[in-house]
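See below for the structure under consideration.
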Amino acid sequence: MNKKVAIIMGSTSDLPVMQDAIDVLKELRIEVEVDVVSAHRTPEKMFDYGQQAHNRGIAVIIAGAGGAAHLPGMVASLSPLPVIGVPVKSSNSIDGWDSILSILQMPGGVPVATVALNGAKNAGILAAQILGATQDEVRDRIIAYKQGLKEKVTAAAAQLNKNE
């Protein structure tokens, strides 16, 4: 059975950033579950989500949050699954550093893989690579995706050299 990736965020205001993860996972033909789970406004839902995601076929959780950004770490403390944190530069953010540090500086025993500020696309790719470690068809799509990146750069370089 192919596993799903869950994408959760503290608020729908995070969706424009998190959409990049949704899009790249769909491009890689990986099933995605998307939800709003606020560590501060819906803690009971967060507890249930973190404790039960693996029972619903989820293999990796991507959690995006801005400001204090407790969602990724709290979900990681509750779940046996790998959690990838996406720091989001929100309207109440201190240049995004509050989100970055809240997600990055986890205590020993509660790891959260952290991508760049607003780096949801990389979170999606990392989630796919985690799945690809045990699912050959996903790994093959990642290989093709990365080959496509190489081809885009090669074509851009050729175009640049052609214009000189």
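Which residue, of Ala113, Ala68, is open to solvent by less than 80 Å² (accessible area, probe 1.4 Å), more than 25 Å from Gly132 (Cβ to Cβ) and of a type in the set (A, V, I, L, M, F, W, C)? Before you say what the answer is, go through the steps one by one.
Details: Ala113 fails: more than 25 Å from Gly132 (Cβ to Cβ).
On inspection, the qualifying residue turns out to be Ala68.
From the list Val17, Val34, exactly one residue is touching a residue at least 12 places away in the same chain (Cβ under 8 Å) and not in a helix (DSSP H, G or I). Which is it?
Just a single option satisfies the conditions, and that option is Val34.
In the list Ile94, Ile62, which residue meets the criterion of being outside any helix (DSSP H, G or I), open to solvent by 60 Å² or more (accessible area, probe 1.4 Å) and either without any contact (Cβ under 8 Å) to a residue 40 or more places away in the chain or closer than 14 Å to Val5 by Cβ (or both)? Give the steps one after another, and end with the answer.
Working: Ile62 fails: open to solvent by 60 Å² or more (accessible area, probe 1.4 Å).
Ile94 is the lone residue from the list that is outside any helix (DSSP H, G or I), open to solvent by 60 Å² or more (accessible area, probe 1.4 Å) and either without any contact (Cβ under 8 Å) to a residue 40 or more places away in the chain or closer than 14 Å to Val5 by Cβ (or both).
Can you tell me how many residues in the range 106-140 are in contact with a Lys or Arg (Cβ under 9 Å, 6 or more places away or on another chain) and closer than 22 Å to Ser77 by Cβ?
1
Do we have Leu104 as surrounded by fewer than 19 Cβ atoms within 10 Å (Cβ to Cβ), aliphatic (A, V, I, L, M) and within 18 Å of Gly10 (Cα to Cα) here?
Working: surrounded by fewer than 19 Cβ atoms within 10 Å (Cβ to Cβ): yes; aliphatic (A, V, I, L, M): yes; within 18 Å of Gly10 (Cα to Cα): yes.
It is true that Leu104 is surrounded by fewer than 19 Cβ atoms within 10 Å (Cβ to Cβ), aliphatic (A, V, I, L, M) and within 18 Å of Gly10 (Cα to Cα).
Results for (1) more than 19 Å from Asp20 (Cβ to Cβ); (2) in contact with a helix residue (DSSP H, G or I) (Cβ under 8 Å, 6 or more places away or on another chain); (3) not in a helix (DSSP H, G or I), shown as yes or no for each residue.
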{"residue": "Ala69", "(1), (2), (3)": "no, yes, yes"}
{"residue": "Gly85", "(1), (2), (3)": "no, yes, yes"}
{"residue": "Met106", "(1), (2), (3)": "yes, yes, yes"}
{"residue": "Ile125", "(1), (2), (3)": "no, yes, no"}
{"residue": "Ala128", "(1), (2), (3)": "no, yes, no"}
{"residue": "Lys152", "(1), (2), (3)": "no, no, no"}
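I'd like the residue in the range 134-154 that is among the aliphatic types (A, V, I, L, M) and within 20 Å of Lys26 (Cβ to Cβ) and, out of all such residues, is most open to solvent (accessible area, probe 1.4 Å).
Our first condition is that a residue be among the aliphatic types (A, V, I, L, M); within the range 134-154, this holds for 138, 142-144, 149, 153.
Now restrict to residues that are within 20 Å of Lys26 (Cβ to Cβ): 138, 142-144, 149.
Working: Val138: 6, Ile142: 15, Ile143: 103, Ala144: 64, Leu149: 73 Å².
The qualifying residue most open to solvent (accessible area, probe 1.4 Å) is Ile143.
Failed condition for Met46, given (1) under 20 Å from Val138 (Cα atoms); (2) assigned to a helix (DSSP H, G or I), with all others met?
Here Met46 meets the rest and fails (1).
With (1) among the hydrophobic types (A, V, I, L, M, F, W, C); (2) part of a loop (DSSP other than H, G, I, E, B); (3) within 17 Å of Ile61 (Cβ to Cβ); (4) in contact with a Pro (Cβ under 9 Å, 6 or more places away or on another chain) as the list, and Leu117 as the residue in question, which single condition is left unmet?
With (1) among the hydrophobic types (A, V, I, L, M, F, W, C); (2) part of a loop (DSSP other than H, G, I, E, B); (3) within 17 Å of Ile61 (Cβ to Cβ); (4) in contact with a Pro (Cβ under 9 Å, 6 or more places away or on another chain) applied to Leu117, the lone miss is (3).
Ser38 passes all but one of (1) small (Gly, Ala, Ser); (2) in contact with a Leu (Cβ under 9 Å, 6 or more places away or on another chain); (3) surrounded by fewer than 16 Cβ atoms within 10 Å (Cβ to Cβ); which number fails?
(3)
The values are calculated or read from the model by the stated rules, or taken from the named source; none is laboratory data. Bear in mind the structure is a predicted one, so any value in this text is a computation, not a measurement. Glycine gets a Cβ as well: all are built from the backbone with ideal geometry, and neighbour counts include every protein chain shown. Note: areas computed on protein heavy atoms with side chains; ligands, DNA, RNA excluded. Shrake-Rupley method; radii C 1.70, N 1.55, O 1.52, S 1.80 Å.
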